[in-house]
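One structure is given below, encoded as structure tokens.
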């Protein structure tokens, strides 16, 4: 045992332990890191393989979502430079067809980026029956329209007549830029 614990042997043992500490431990840590990276990449590969196996299902889902978006955006006004003028003309036409006088048409607000919300205030006067019909016609616009509020004063209400009305109407319209609404799966696939 004395020979084993001699000074020369102890120096060899110290150098051996130092070599293990400074050479093998970093090598072991490096291999552990590489092993963790390989495990993470193999998980990613498994996920990608699952996605590729379900590619047809994902494409059909994307197509269905695209159809829903296109159908929904068809109910909005096309957001162009003339959208306000087009809406105002449409409202004027409805009031004219129903013999209701549009005393004023003012744009109250214009907000939003993807879906633009346009609010207009309309002052009107005419026979009450015609005003009600005009409101119904506005509510039946093919585009998304919301009658936010209205007030009307009915005068000269008689047995055979509903009288005449004067009042205010606040209407909200929604517009979408056509290119912002369109979702093309094929365009994304080519990227």
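Of 50, 27, 11, the residue with the greatest mean-square motion in the GNM of the chain, using alpha carbon springs below 10 Å, is 11.
Out of all DSSP beta bridges with both ends in the chain, state the antiparallel percent to the nearest 5. Write out the running numbers ahead of the final one.
Numbers: 32 of 34 bridges.
Counting DSSP beta bridges with both partners in the chain, the antiparallel share is about 95 percent.
Principal-axis analysis of the Cα atoms of the chain puts helix 25-53 at an angle of about 40° to the longest axis.
Can you order the peptides 112-120, 167-175 by their average number of other Cβ atoms within 10 Å per residue, highest first?
Values: 112-120: 14.9, 167-175: 19.4.
Order by mean packing, descending: 167-175, 112-120.
At a threshold of 8 angstrom on Cα-Cα distance, excluding pairs fewer than six apart, so keeping six or more, what relative contact order does the range 46-191 reach in percent?
Numbers: 216 pairs, mean separation 41.4, N = 146.
Normalised by residue count, the contact order of the range 46-191 is 28 percent.
Label-to-label distance, residue 160 versus residue 28, with points set 7 angstrom from Cα along the beta-carbon direction: 10.8 nm. For the chain, the longest principal axis of the alpha carbon atoms and the long axis of helix 83-97 meet at an angle near 30°. When both bridge partners sit in the range 77-179, DSSP labels roughly 95% of those beta bridges antiparallel.
In the elastic network of the chain, a GNM with C-alpha springs shorter than 10 Å, the most mobile of 25, 101, 145 is 25. Protection proxy ranking of 86-92, 136-142, by the mean of other Cβ atoms within 10 Å over each peptide's residues and highest first, is 86-92, 136-142. As I understand it, the value is the acute angle between the Cα axis of helix 128-139 and the longest principal axis of the Cα atoms of the chain; what does it come to in degrees, rounded to 10? So the inclination is approximately 20 degrees.
If we sort 123-131, 52-60, 73-81, 149-157 on the protection proxy, mean other Cβ atoms within 10 Å, highest first, what's the order? Intermediate values should be presented prior to the final figure.
Values: 123-131: 19.1, 52-60: 10.4, 73-81: 15.4, 149-157: 12.0.
Ranking, from highest mean packing down: 123-131, 73-81, 149-157, 52-60.
How much space per residue, in cubic angstrom, does the convex hull of the C-alpha atoms of the chain take up?
Taking the convex hull of the Cα positions in the chain, it is 269 Å³ per residue.
Coordinate-derived values only; no laboratory data. Predicted model only: the values in this text are computed from it and were never measured. Glycine gets a Cβ as well: all are built from the backbone with ideal geometry, and neighbour counts include every protein chain shown.
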